[in-house]
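Asks: Here it is, the structure, as structure tokens.
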Amino acid sequence: TEHTTIVVSTEGRVGKIQLDRPKALNALNQTLMEEVVSAAVAFDADPDIGSILILGSDKAFAAGADIKEMAHQDYPSMYASDWFRRWEDLTELRIPIVAAVKGYALGGGCELAMMADIIVAGESAKFGQPEINLGVIPGMGGSQRLTRSVGKAKAMDMVLTGRHIGAEEAERIGLVSRVVPDEQANPVAEEVAELIAAKSKPAAQMAKEAVAASFETTLQQGIRLERRLFHSLFALADQAEGMSAFAEKRGPEWTHR
Ligand code: HXC
């Protein structure tokens, strides 16, 4: 497929999506949304791919939804197209997603990063939900995912003031998984993605499903879902292989089945 806003490649079992609108600091326009989500959906369905890696540029992961594209929209056009809804398809994928963030991850950029399962931040990373300064509010899940991720105190602070937070604060409040020097952000994120892609794909998918369910369910429902998923893994060849390999003191050879 021809892409105009992203570069798609595969590295072993990792599917890579590089955001590629450098002149606009990777602002997320409608074309980019469609290209990212379509590429991710295809990777999710590909048995030879075990994880997705989303990369930005050195200066920006993404500086937000494309303000120039939105400026001329009105309520009927936004409502008719259900503006931003397509992004939700990314969050329904079962394959684990890793994001590497350097520079700006603002507005929709922060929201896209939060759709990933693991965020590796470079020291230059700046996260923020500055929509309030444009007379609007987050529209790609920021008010919900940020609050679930960092709690009310920090979410209200960020969403109401629009202030940026640095990588160190982002790690301290639980927004990102790891902070590394900038030049290591992409390589470390890639290592993490490779490590995940080397696991049994159904086990990794169910692990993601179980953790993700904790944001949707009561504790009791979540624990029951986890236990049922755990039981169901005993229907897979990979469970037998994983446990045999342990007993035989060798590495497992997953068939991802
Ligand atoms: C469209 C954008 C953009 C954006 C940057 N650009 N962010 N274009 N949408 N979100 C463009 C600039 O217009 C400029 O284009 C080029 O990228 C480089 O940006 P500069 O501003 O010149 O760079 P710099 O001075 O380094 O400042 C970087 C910045 C600033 C602090 C990140 O660009 C900025 O504040 N951007 C907007 C951040 C923001 O408000 N994001 C939230 C968007 S709303 P030209 O053509 O002039 O060179 C959102 C949520 C949607 O994401 C929910 C409902 C709205």
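Asks: Given the condition part of a strand (DSSP E or B), open to solvent by less than 20 Å² (accessible area, probe 1.4 Å) and aromatic (Phe, Trp, Tyr), answer yes or no: does some residue in the stretch 119-128 qualify?
Replies: Initially, the stretch 119-128 is screened for residues part of a strand (DSSP E or B), giving 119-122, 126-128.
Next cut, open to solvent by less than 20 Å² (accessible area, probe 1.4 Å) only: 119-122, 127-128.
Still in the running and aromatic (Phe, Trp, Tyr): 127.
Yes; the residues of the stretch 119-128 include at least one that is part of a strand (DSSP E or B), open to solvent by less than 20 Å² (accessible area, probe 1.4 Å) and aromatic (Phe, Trp, Tyr).
Asks: In a helix (DSSP H, G or I) and either open to solvent by 80 Å² or more (accessible area, probe 1.4 Å) or modelled with pLDDT under 95 (or both): is that true of Val192 in this structure?
Replies: The answer is no for Val192.
Asks: Moving to a separate point now. So Ala105 passes all but one of these: (1) hydrophobic (A, V, I, L, M, F, W, C); (2) assigned to a loop (DSSP other than H, G, I, E, B); (3) within 12 Å of the ligand (Cβ to nearest atom); (4) within 15 Å of the chain's Cα centre (by Cα). Which condition number does it fail?
Replies: (2)
Asks: A further question on this structure: Of these, Gln184, Gln205, Gln221, which one is part of a helix (DSSP H, G or I), over 17 Å from Ala113 (Cα atoms) and open to solvent by less than 50 Å² (accessible area, probe 1.4 Å)?
Replies: Answer to the check: Gln205.
Asks: Considering only the stretch 129-150, state which residues are farther than 19 Å from Lys68 by Cα and in contact with a helix residue (DSSP H, G or I) (Cβ under 7 Å, 6 or more places away or on another chain).
Replies: Gly141, Gly142, Ser143, Arg145, Leu146, Thr147, Ser149
Asks: Looking only at the stretch 7-34, filter to residues that are away from the ligand (no atom under 16 Å from the Cβ) and more than 15 Å from the chain's Cα centre (by Cα); which one of those is surrounded by the most Cβ atoms within 10 Å (Cβ to Cβ)?
Replies: Arg13
Asks: Quick one: would you say Ile137 is more than 22 Å from Ile52 (Cβ to Cβ), aliphatic (A, V, I, L, M) and either modelled with pLDDT under 95 or not in a helix (DSSP H, G or I) (or both)? Break it down stepwise before answering.
Replies: Details: more than 22 Å from Ile52 (Cβ to Cβ): yes; aliphatic (A, V, I, L, M): yes; either modelled with pLDDT under 95 or not in a helix (DSSP H, G or I) (or both): yes.
Here the answer is yes, as Ile137 does meet what is asked.
Asks: Would the stretch 136-152 turn up any residue that is touching a residue at least 40 places away in the same chain (Cβ under 8 Å), closer than 30 Å to Gln205 by Cα and more than 11 Å from the ligand (Cβ to nearest atom)? Working first, answer last.
Replies: In the first step, residues of the stretch 136-152 are kept if they are touching a residue at least 40 places away in the same chain (Cβ under 8 Å); the result is 139-141, 148.
Still in the running and closer than 30 Å to Gln205 by Cα: 139-141, 148.
Next cut, more than 11 Å from the ligand (Cβ to nearest atom) only: 148.
Yes; the residues of the stretch 136-152 include at least one that is touching a residue at least 40 places away in the same chain (Cβ under 8 Å), closer than 30 Å to Gln205 by Cα and more than 11 Å from the ligand (Cβ to nearest atom).
Asks: While we're on this one: Hey, can you tell me all the residues within the stretch 1-32 that are in a strand (DSSP E or B) and closer than 20 Å to Met70 by Cβ? Reasoning before the result, please.
Replies: First, the residues of the stretch 1-32 that are in a strand (DSSP E or B): 6-11, 14-19, 28.
Correct list: Ile6, Leu19, Leu28.
Asks: Applying the selection to the stretch 47-101, what residues are open to solvent by 40 Å² or more (accessible area, probe 1.4 Å) and within 16 Å of Thr10 (Cα to Cα)?
Replies: Once the filter is applied, which keeps residues that are open to solvent by 40 Å² or more (accessible area, probe 1.4 Å) and within 16 Å of Thr10 (Cα to Cα), the stretch 47-101 yields Pro47, Asp48.
Asks: Can you tell me which of (1) touching a strand residue (DSSP E or B) at 6+ places or on another chain (Cβ under 8 Å); (2) within 16 Å of the ligand (Cβ to nearest atom); (3) within 25 Å of Ile196 (Cβ to Cβ); (4) not charged (D, E, K, R) is the one Met114 doesn't meet?
Replies: (1)
Asks: Can you tell me which residues in the stretch 146-166 are more than 25 Å from Asp58 (Cβ to Cβ) and open to solvent by 40 Å² or more (accessible area, probe 1.4 Å)?
Replies: Scanning the stretch 146-166 gives Thr147, Arg148, Lys152, Ala153, Lys154, Met156, Asp157, Leu160, Thr161.
Asks: A further question follows. Only one residue in Pro96, Pro76 is within 29 Å of Gln184 (Cα to Cα), of a type outside the set (Phe, Trp, Tyr) and more than 13 Å from the ligand (Cβ to nearest atom), so which one is that?
Replies: Pro96
The values are calculated or read from the model by the stated rules, or taken from the named source; none is laboratory data. This one's a predicted model, so the numbers in the text were calculated from it and none came from an experiment. Quick reminder, even Gly has a Cβ in these numbers, built from the backbone with ideal geometry, and neighbours come from all protein chains shown. Just the protein is used for accessible areas: all its heavy atoms, side chains included, with ligands, DNA and RNA removed. Shrake-Rupley method; radii C 1.70, N 1.55, O 1.52, S 1.80 Å.
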